[in-house]
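Scroll down for the structure; my scribbles are underneath it.
Derivation of every value follows stated rules applied to the coordinates shown; laboratory data play no part. Predicted model, so just to flag it, every value in this text is computed and none were measured. Cβ coordinates were reconstructed from backbone atoms using ideal geometry, including for glycine residues, and neighbour counts include every protein chain displayed.
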Amino acid sequence: MRQTQKIMLAFSEATTSELNEILEHRFFKEKKSPKSKSKMSLSKQQSTATMSTIKQDNFGTKNIYEIIKQMRLERNAPVDIVGPQKCFDKDKDIETQRFQILTSLMLSPQTKDEITSKCANRLLDYTINDIANMDESELVKLIYEVNFNVTKAKRIKELAQLVIYKGMPKTFEETIKIKGVGEKIALLYIQVAFQRVEGIPIDVNMIRICNRIPIFKEKSPTKLRKFLESEFEHKEWGDINETLVGFGQQICLPKPKCEQCKLKDICEYYKLKNTSD
Ligand code: SF4
């Protein structure tokens with residue numbers, strides 16, 4: 001078995017308390033006294049024995065990601081339930097569904113998923129034509145709870161007018177040219193509307209998490225995207241945004257719930273916070 005497979009196997013078999021013990025052993029306790037080892041349960045001894053191989057291995061981004069995935073097993077964060085990429089009507093024609101996906105994503109910046117979903121759901125009652133011909137002030141009323149509602153209403157109306165003449169964009173390059181659409185929205189749109197993963201969409205939650213642990217100390221979404229894309233195989237890209245965003249919504253919040261986190265023994269932010277307290 002390859003070294004990295006052994007590591008992942010050890011993590012997948014470890015319970016929460018064992019996992020914390022494994023991490024502690026890896027990072028802070030190079031040697032345990034024979035007395036303390038003899039008190040360990042057999043399963044703990046097995047996990048620790050397997051994990052002793054990690055001492056020679058690089059505890060990298062993938063291992064951290066696997067631990068975050070363990071913390072996200074329930075998939076019950078706002079992004080899992082009311083994420084903007086989930087807000088479209090599957091009974092409508094495909095062009096309308098794509099329009100709904102993109103408008104929902106365009107409503108999402110600087111706004112909580114629950115609020116975005118509420119506003120995006122209201123728009124599902126209107127056709128592309130309705131929105132193209134609607135007064136901007138009327139559109140603002142429908143989405144008034146999202147931040148920057150006036151600008152977003154203007155961009156969504158422009159999108160509807162564009163779609164009537166040109167149809168929905170079909171590539172990342174076409175999508176990112178639309179006003180109100182950035183790299184993250186364009187990648188998520190292509191992923192959901194066309195089932196094509198062309199990159200890892202980077203969200204503000206991901207930047208916060210990656211800087212804290214740290215996985216990657218940079219605030220630039222494009223640099224973080226390129227870094228993560230170089231770390232993971234393409235087949236894993238499609239799930240990284242949702243996994244990390246949900247972790248950022250439930251545990252690694254702006255005011256983090258570190259006591260619930262399995263990464264606190266390796267997290268630089270946690271160590272600094274506890275040193276300065
Ligand atoms: S220990 Fe705290 S700051 Fe560090 S990753 Fe976990 S929740 Fe975030």
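For this structure, a couple of remarks:
- At full extension, residue 218 and residue 110 could sit 36.9 nm farther apart than now, given 0.36 nm per residue minus the alpha carbon distance.
- Gyration tensor verdict on region 121-211 (Cα atoms; rounded if a/c is under 1.5, prolate if a/b is larger than b/c, oblate otherwise): oblate
- Between residue 176 and residue 74, the contour length at 0.36 nm per residue exceeds the alpha carbon distance by 33.4 nm.
- Scalar couplings 3J(HN,Hα) for region 262-271, obtained by applying the Karplus form with A = 6.51, B = -1.76, C = 1.60 to θ = phi - 60°, are 7, 9, 5, 6, 10, 7, 5, 4, 4, 5 Hz; x denotes Gly and Pro.
- Label zone at residue 81, where the point sits 7 Å out along the Cα-to-Cβ direction: region 240-261 residues whose backbone N lies under 16 Å: 246-251
- For residue 108, residues with placed amide H under 5 Å, excluding near neighbours: none
- 3J(HN,Hα) from dihedral phi, region 128-145, Karplus parametrisation 6.51/-1.76/1.60, rounded to Hz, x for glycine, proline: 4, 4, 4, 6, 4, 9, 7, 4, 4, 5, 5, 5, 4, 4, 6, 10, 4, 6
- Relative packing of 123-136, 245-258, which averages over residues the other C-beta atoms within 10 Å, highest first: 245-258, 123-136
- Spin-label pair residue 211/residue 231, simplified geometry with 7 Å Cα→Cβ offset, distance in nm: 1.6
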